[in-house]
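What follows is calculated from the coordinates using simple rules that are stated; it is not laboratory data. Note that this is a predicted model, so its numbers are computed, not measured. Cβ sites come from the backbone with ideal geometry, for glycine too, and all protein chains shown count toward neighbours.
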Amino acid sequence: MSEPAPPPRESEPAAKRLDVLAAVKEAAIAALVAFGLFVLLIGIRTEQGPTGALVFTTRFGLLAEIVAAVFVGRLLRALTWRDATVSINSLVPGSVKAAASDLAVYAAAAFVAFALLVPIIFYTNRYVLDLAILIVTYTMLGFGLNIVVGLAGLLDLGYVAFYAVGAYSYALIAQSFGLSFWICLPLAGILAAFAGLLLGFPVLRLRGDYLAIVTLGFGEIIRLILLNWQDLTGGPNGISAIPRPSFFGLPFTAADNGFAATFGLQYSPTHRVVFLYYLVLALALLTNWVTLRLRRLPIGRAWEALREDEIASRALGINTTTTKLTAFSMGAMFGGLAGAFFATRQGFISPESFTFGESALVLAIVVLGGMGSQLGVAVAATAMLGGFELFREFDQYRMLVFGAAMVAIVIYRPRGLVSTRTPSVFLHQRKAVPAAIVQDARTGVETPT
Amino acid sequence: MNRAEILTVEHLTMRFGGLTAVNDLSFVAREREITALIGPNGAGKTTLFNCITGFYKPTVGRLRLAHPDGASFLLERLPGFRIAREARVARTFQNVRLFAGMTLLENLLVAQHNPLMLASGFTVLGLFGSRAYARAEAAAIDKARYWLDRVGLAPRADDAAGALPYGAQRRLEIARAMCTDPVLLCLDEPAAGLNNRESVELNEFLRAIRDEHGTSILLIEHDMGVVMEISDRIIVLDYGVKIADGAPSEVRNDAKVIAAYLGVADEEVASAGLEVGL
Amino acid sequence: MEYFVQQLINGITLGSIYGLIAIGYTMVYGIIGMINFAHGDIFMVGAFTALIAFLVLVAVGVTAVPLALFLVLLVAMALTALYGWTVERIAYRPLRHSFRLAPLISAIGMSIVLQNYVQVAQGARVKPLPPLIRGGYTLFEGNDFAVRLSNIQIIVVVTTLILMAGFSFMVARTRLGRNMRACEQDLKMAALVGIDVDRTISLTFVIGAALAAVAGLMFLLYYGVVDFFIGFLAGVKAFTAAVLGGIGSLPGAMLGGILIGLIETMWSAYFSIEYKDVAAFAVLIIVLIFLPTGILGRPEVEKV
């Protein structure tokens, strides 16, 4: 039996030509769309002219460049990626992936170790210290929101409300009563928890999407009240001269009774910054510890059961109302503690710091962290805020890139960085649950299957 | 000699707008008995279940649950979770509702939420590592292990519930319901999708639950093999109305039941047949 | 009394604008169960597109207001629809079969992108437009107060009515409308019976964006000034309106919009202008406590 004759080589170039033609068509359409999108908004630039009325200039050169770039980019993509349906995930060999998930435990420990050493490593770099404080603060906020969204599956879009309540409570209590930081902090947390109960109560019967918009509404209401209730909150001017923290009674000043003098050190403003860093790190670690403990207690399991299937939870005798309320108020408490820290760190707060953008950022951190995982939240916060800082030179384009990065990351990894859920208890062996099986927060109708 | 009544349904009517799903239904389920609810699709069986377990509020009627020790509950007045917690009525669902992302063990521990919550001092004591809670959790894990063994799923205790095959998921759901130590277990089509061997195992399992644990069972089922084999009593519904109520042998031969399932002989067809000489 | 009637007119006008935006939210939610966070910013893009189109037309020499208005309407609808289409393709379609929260995060990201894109492209300052449509009618007077109905208000309400009518017709009578309703009921089944689900969803976004563009144009004409941030607040209020009226319900969206417009206007007229946004949210919360599915929403009976 002879082998069938190889296909004539004529057809190859023809096939290739068709491919190129199709790719060019694809690129042309993309360029056309780009033209439509950008012709008015980029091609024309409006400015307020000398008389105050709007005048405009044309930027057709820029428009042409962008359209051309889209064309070329799309053409390249169509030509090269057509056959290679490679995803980045599949490039990583299985053995590496398996090793990676085993390393997760060590990664957490390494992360904490690194976090503890940051002030020592970067002692002279005030900029890094400030950034580190920011990252840890948002990590703590992420831990708090994680209880509500990641564990209990309640879509809260107004988390900034509790951050604000904590900050303002701290500021007002500290200023009015002159109590020490260590008393005002838990008080602020308790007030925030109470706010969580208040805000949680009316929304419990609402399903996911309604819960989302109502919590968003609460966040806005709180901000508007802070903005307008001038007598209490100082309105848009906020509250300033918030008492700064002291080292258990020793103020961070150059005076003789100050921290530096007491410990025989040369005074440096960095002392306070380092103290603040360890303070927020301690708070974040506390939040983390409490959350991990709660996950292994009945209440934590009830939260996760609520997320997985609320109806089944009810049928097992779980009071879903109180379960939701505890999730809300625990999350609120930690948000409030973070807010109190924020107030004392800045020395000054105003409603501008408590916009919906904050809620969105914390939610993004929790979702991109993935699967209710604490480590994921920490990594996501570091990546997002660190990345944001890295692009500081880009100035106005920074937020644009940030938004685009958010979209890109969630498309690439919709369940977030961490792709498995770790069970809180095991009989024989702790086995991770893959992401595909686990429920995430509800945004819509409970689809009865 | 009749056993004590455990569930008394009196004049239950459930209306959804213009549709009457259950119409003036009254029956009794007795202690330590398996009572089956059968009837064609749409007869109102799951609606009845939902009324009993608190997912619907009956339009009219009374549902009394009496515990062997004398405690009595009016189910139509209780919110769903209290029916499970205090009246100790457990249920499974027509389309299995497991906590898919949690392991089998975790599923069974969630079922023991209420006693564990008490033992953990409503979380506070548990947070600080109380010895009492550790003991309670160990006991709960033992109970979970026991039921996992009973349904043959112990080796898979640490797998995700959502990864189990269908038959195993159904068994797990029953095991989970039993972990709440119910007085009345309501099963919604437990034999659906099971093959013959699995159905036989299910029969044995349900009988064991009734005999060893003293749990009364209320069962919705279409599989007549299962129903006739293990039921002590059968209630037949059709269009929301009770058309038969008795032992399997009585119900099997009841003309109304046969008519509901198989249809009545059409008189016209019968007379036409006579004319033609059939 | 006269003052009240004036506020009524103002409220309905504002409410019409909200209603047009709310329709976009409710349609998208109805069909794929997603809160399109970027929709408010699509409205903003529509307003900017209209603004720039106006400037260009005037520069080119088209000064007859009705003609310019008509052309701007077409251009704004077309280009904004293109934005709606693009956003859906890039940010939502890849996540269609993904988990619930993913499209939400993507939408928030797109919202940030759109806001900053316009801010970078056009500058952060507000953009004023001289009033193009002047004049109106004095309806009646009394108590030293003249109740005026301006031409622009008439245009806004009439345009909204026409669009609503056309849109309801489309949904009820055309094949596209039928496809949309089918997808809303059961996406998988719709695909199985041969409906091009991708195309139907794209068209939903496109139509929603076009309506938002009209709202943007109306906003521009009514208020005479736009900036890159109007999308957020208008978007949140419009979504509140959609939820208030019963999400998934088209007449609900318009009803909710009118209600929110009226609440906002009345509150700022009679109580305090600073808290007008709070009033809208507060009403929403109160309504949802008693009517958890909104005013015209279909009550969901939990099927177990």
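Just checking the listed ones, C:16, C:272, C:106: in the Gaussian network model of chain C with Cα springs under 10 Å, the one fluctuating most is C:272. Put a plus charge on the Cβ of each Lys and Arg, a minus charge on the Cβ of each Asp and Glu, and nothing anywhere else: the dipole of segment A:325-449 about its Cα centre is then about 520 debye.
Taking the convex hull of the Cα atoms, report for segment C:208-272 its projected area averaged over all directions, in nm². It would help to have the intermediate numbers written out before the result.
Working: hull surface 19.4 nm².
With the hull built on Cα positions only, its mean projection is 4.9 nm².
Taking trypsin sites (Lys or Arg not before Pro) across segment A:370-445, the ones in a DSSP loop with at most 12 further Cβ atoms lying within 10 angstrom of their Cβ are A:430. In the structure shown, the pairs A:324/C:188; A:324/B:143; B:57/C:276 are assessed against 30 Å; a Cα-Cα span above that value is assigned to A:324/C:188; B:57/C:276. Sorted into 10 angstrom bins from 0, the C-alpha pair distances of chain B split as 6, 26, 32, 21, 9, 4, 1, 1, 0 percent. Given R₀ = 35 Å, FRET efficiency for residue A:62-residue C:89 by Cβ-Cβ distance, to 0.05? Efficiency computed from Cβ-Cβ geometry: 0.90. Against the main long axis of the alpha-carbon atoms of chain C, helix C:250-270 sits at an angle near 40°.
Temperature 25 °C, viscosity 0.890 mPa s: under these conditions the Stokes-Einstein estimate for chain C, based on its Kirkwood radius over C-alpha pairs, is 123 µm² per second. Selection among A:240, A:328, B:133 by position relative to the dipole of the protein assembly as shown gives A:240 as farthest towards the positive end (Cβ unit charges, Cα centre).
Where is the GNM fluctuation largest for chain B (alpha-carbon springs, 10 angstrom cutoff): B:75, B:98, B:19? In the Gaussian network model the winner is B:19. Counting neighbouring beta carbons within 10 Å and listing from fewest to most, the residues B:31, A:308, B:267 come out as B:267, B:31, A:308. Model label sites at residue B:204 and residue C:290, defined 7 Å from Cα along the beta-carbon direction, differ in position by 6.0 nm.
Shape verdict for segment A:96-359, please, from the Cα gyration tensor: rounded (a/c under 1.5), prolate (a/b greater than b/c) or oblate. Each step should come with its number before you reach the end.
Values: a/c = 2.26, a/b = 1.33, b/c = 1.70.
Since a/c reaches 1.5 but b/c is at least a/b, the shape of segment A:96-359 is classed as oblate.
Dimensions of chain A based on its C-alpha atoms, expressed as ranges along the principal axes with the largest first, amount to 94, 74, 50 Å. Compute the FRET efficiency between residue B:135 and residue A:114 as 1/(1 + (r/R0)^6), taking r as their Cβ-Cβ distance and R0 = 45 Å, and round to the nearest 0.05. That gives a FRET efficiency of 0.70.
Using just the helices of chain C, give the 222 nm mean residue ellipticity in deg cm²/dmol: DSSP H runs with n ≥ 4 each add -39,500 (n - 2.57), and the total is spread over all residues, rounded to 500. List each step's numbers first, then the result.
Numbers: 11 runs with 217 residues, N = 304.
Value at 222 nm, helices only, nearest 500: -24500 deg cm²/dmol.
If R0 is 41 Å, the Cβ-Cβ spacing of residue A:130 and residue C:223 corresponds to a FRET efficiency of close to 0.55. Based on DSSP H segments of at least four residues, each scored -39500 (n - 2.57), chain B has a per-residue ellipticity at 222 nm of -12000 deg cm²/dmol. Taking each DSSP H run with n ≥ 4 as -39500 (n - 2.57) and averaging over every residue of chain A yields -21500 deg cm²/dmol at 222 nm. Here the alpha carbons of segment B:47-110 define both size measures, Rg and Dmax, at 13.7, 40 Å. The simple spin-label model puts a point 7 Å past each Cα toward its Cβ; for residue B:267 and residue A:256 those points are separated by 11.8 nm. For segment B:105-167, averaging the sequence separation of C-alpha pairs within contact (under 8 Å, six or more residues apart) and dividing by the residue count gives a relative contact order of 35 percent. Magnitude of the charge dipole for segment B:99-180, about its Cα centre and with charges confined to Cβ atoms of Lys, Arg (+1) and Asp, Glu (-1), is about 180 debye.
So how tilted is helix A:11-41 from the main axis of chain A? Cα-based, degrees 0 to 90, rounded to 10. It is inclined by approximately 40 degrees.
Have a look at A:216, B:68, C:240 and report the one farthest towards the positive end of the charge dipole of the protein assembly as shown, computed about the Cα centre with Cβ charges (Lys/Arg +1, Asp/Glu -1). The residue sitting farthest along the positive end of the dipole is A:216. Normalising the average separation of contacting C-alpha pairs (under 8 angstrom, six or more residues apart) by the number of residues puts the relative contact order of segment A:12-80 at 42 percent.
Springs join every pair of Cα atoms under 10 Å in this Gaussian network model of chain B, and among B:117, B:228, B:178 the largest mean-square fluctuation is at B:117.
The mean sequence distance of close C-alpha pairs (under 8 Å, at least 6 residues apart), as a share of the length of chain A, puts its relative contact order at 23 percent.
Each DSSP beta bridge with both residues in the protein assembly as shown is either parallel or antiparallel, and the antiparallel ones are about 70%.
May I ask for the Kirkwood hydrodynamic radius of the protein assembly as shown, worked out over all distinct Cα pairs and given in angstroms to one decimal?
Details: mean 1/r = 0.0310 Å⁻¹.
Computed over the protein assembly as shown, the radius equals 32.3 Å.
Quick note on segment B:99-180: its Rg to Rh ratio, both from C-alpha atoms and Rh being the Kirkwood radius, is 1.02.
Taking the Cα atoms of segment C:67-120, the ratio Rg/Rh between the radius of gyration and the Kirkwood radius comes to 1.13.
Basic side chains Lys and Arg get +1 at the Cβ, acidic Asp and Glu get -1 at the Cβ, and with that the dipole of chain C about its Cα centre reaches some 780 debye.
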